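Just below is one structure, and these are the notes that go with it.
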Amino acid sequence: MASSAQAMATARTGGFSEEEWSARVDLATLYHMLDLLVGWEEGIYTHAVLRIPGDDAHMLIKRHELLYGEVTAENLVKVPIGADVDESFGVNRPGLVTHSGALSAREGINCSIHCHTEVGLALAAHAGGLRMLTQNALRFWRRVGYHDYEGLVTDHEEGDRIASALRPDNIVLVMRNHGLLIVGNTVRDAFERTRDLLIAARTQLTLEASGAPVVEVPPETCDLVVRQWEEHDRGRGTADWPAWKRKIERERPSAVGLA
């Protein structure tokens, strides 16, 4: 009876452990949420990754040639963090180097998202960086690092510099003239931070382009609100990712392995 139950569990999880299968479903869901809700399908060259629970040495990443909408729980690639591999391994080397750096930055970073959206690129080239103009931006008060442009990220030494720029407690890295890198403990954290960062950046750039006077939030209020955001993320904010997941279950269940 035990072997039969084990066989059923193995079939249900595609032959992966329960922990890895759950991570695969979460990451595939994230790719589809970024494609469907945020709407920044950017070709094949940007990524989201997730560390496998209980396995500090490996992460999941999409196959190099796949669009976000083609990702499934089963076709994600398990790759050693920091591995010196190229596309013959099935993954994009710059993506591997960038995200290996992110996940190596410190304990508690298990998921990272890198994007090249137009608004993200504009912020990355903005000399003043992110300004505290909106509640969305306040999530990142004193949590933003900056990394100067060095070209395509193919060298693990640059990955080490990316890791350093995320310490001690940055949750966003503005990669100058390149794009944005957002990290979190969970898929939920990385996704919600990405949404808020893009909203904050778009609002800032719109206001600046309008030429109208702007009101910046004073530092003492920023100190308060960033703590409120952290409390929100530990409490009622945890209900939002299951809600997004239900959306994907309804609209693309077979794609992410939930059918």
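The values are calculated or read from the model by the stated rules, or taken from the named source; none is laboratory data. Everything numeric in this text was worked out from a predicted model, so none of it was measured. Cβ coordinates were reconstructed from backbone atoms using ideal geometry, including for glycine residues, and neighbour counts include every protein chain displayed. Note: accessible area is taken over every heavy atom of the protein model, side chains too, but ligands, DNA and RNA are not part of it. Shrake-Rupley method; radii C 1.70, N 1.55, O 1.52, S 1.80 Å.
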Number of positions in the stretch 80-110 that are of a type outside the set (Gly, Ala, Ser), open to solvent by less than 10 Å² (accessible area, probe 1.4 Å) and closer than 19 Å to Glu192 by Cα: 3
When residues of the stretch 130-161 are filtered for being surrounded by 14 or more Cβ atoms within 10 Å (Cβ to Cβ) and either among the aliphatic types (A, V, I, L, M) or not in a helix (DSSP H, G or I) (or both), how many remain? 19
Quick one: Gly39 ticks every box in (1) modelled with pLDDT of 90 or more; (2) open to solvent by 10 Å² or more (accessible area, probe 1.4 Å); (3) not basic (Lys, Arg) bar one, so which box is it? (1)
Determine which single condition Ile113 fails, assuming it passes every other condition in (1) open to solvent by 40 Å² or more (accessible area, probe 1.4 Å); (2) part of a strand (DSSP E or B). (1)
Would you mind finding the one in Ser112, Ser100 that is touching a residue at least 60 places away in the same chain (Cβ under 8 Å) and either of a type in the set (Ser, Thr, Tyr) or over 17 Å from Asp160 (Cβ atoms) (or both)? Ser112
Pick out the one residue from Gly237, Gly211 that is open to solvent by 50 Å² or more (accessible area, probe 1.4 Å) and of a type outside the set (Phe, Trp, Tyr). Gly211
Please find, within the stretch 214-234, the residue that is surrounded by the fewest Cβ atoms within 10 Å (Cβ to Cβ) out of those that are farther than 19 Å from Arg193 by Cβ and acidic (Asp, Glu). Glu220
Cβ contacts < 9 Å: first residue surrounded by 15 or more Cβ atoms within 10 Å (Cβ to Cβ) and at pLDDT 95 or above, restricted to the stretch 14-30; second residue among the hydroxyl-bearing types (Ser, Thr, Tyr) and part of a helix (DSSP H, G or I), any location; separation 6+ or different chain. Result? none
Per the filter on the stretch 162-185, residues surrounded by fewer than 16 Cβ atoms within 10 Å (Cβ to Cβ) and either more than 19 Å from Glu118 (Cβ to Cβ) or without any contact (Cβ under 8 Å) to a residue 12 or more places away in the chain (or both) are Ser164, Arg167, Pro168, Asp169, Asn185
Filtering the stretch 48-96 down to residues that are part of a loop (DSSP other than H, G, I, E, B) and among the small types (Gly, Ala, Ser), which residue is nearest to Asp26 (Cα to Cα)? Ala73
